[in-house]
Amino acid sequence: MSVELWIIYLLASAALCVTPGPNSLLVLTHGASHGVRKTIYTSLGGALGFILIIAVCMAGLGALLATSTTAFNIVKWIGAAYLIYLGIMTWRSPPLITRGAKVQLAARGSKLFFQGFMSAASNPKGIIFFAAFLPQFVDPKGSQLLQFVILAGTFVTFEFLFELVLASSASTLAPWLAKSSVGRWFNRITGASFVVIGSVLATAEK
């Protein structure tokens, strides 16, 4: 891959990363609820999910979802069901409890990691997007492994850094969100947003 082509890919990846989606919303929620350090687990899970998607697409499996209605629907319903479940759990979560400026809401890193991974990996639209997006930057004659490292590494690095910025921004709002009424509405709005995204995903067509 030439430097010029890589720069174009970098700019395209940046535009994709800043587009609002399930992962961005999840990171905002976790950043406010658990702080930046804990949300790193969420971002790492999302990074692994995106790496898996890119690997699947470069292996040619993304084309299967684009042509097979059954395969697409299976992945679609798994992703939609998980996002709706996440929305219900967020809606029912209690407001934040703070002591000073630190959030005291306990969460296991493995749980946050899993939520980040599922949010990224269970979206069939993301797989189809990468299946259509990546071939423009892949040289069939070049090393597939090297190109995978470059393409996946570029996107995931930018996505990870962007999510840290989101988490940091949300974390600064934690003391304000700890107010009972504010925190309750924050959970309801973000929970409802997950349900809406999941519902839209459930009605998506190829």
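Bear in mind that the values in this text are calculations on the coordinates, not laboratory data. All values reported here derive from a predicted model rather than from experimental measurement. Reconstructed Cβ throughout: ideal geometry from the backbone, glycine too, with neighbour counts over all protein chains shown.
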Quickly work out the VAL149-to-SER168 label distance, labels modelled 7 Å from Cα along the C-beta direction, and quote it in nm with one decimal. 2.9 nm
At R0 = 45 Å, how high is the FRET efficiency between VAL3 and SER181 if r is their beta carbon distance? Nearest 0.05 is fine. 0.30
Net lengthening on full extension, THR157/ILE88 (0.36 nm per residue, minus Cα-Cα): 21.8 nm
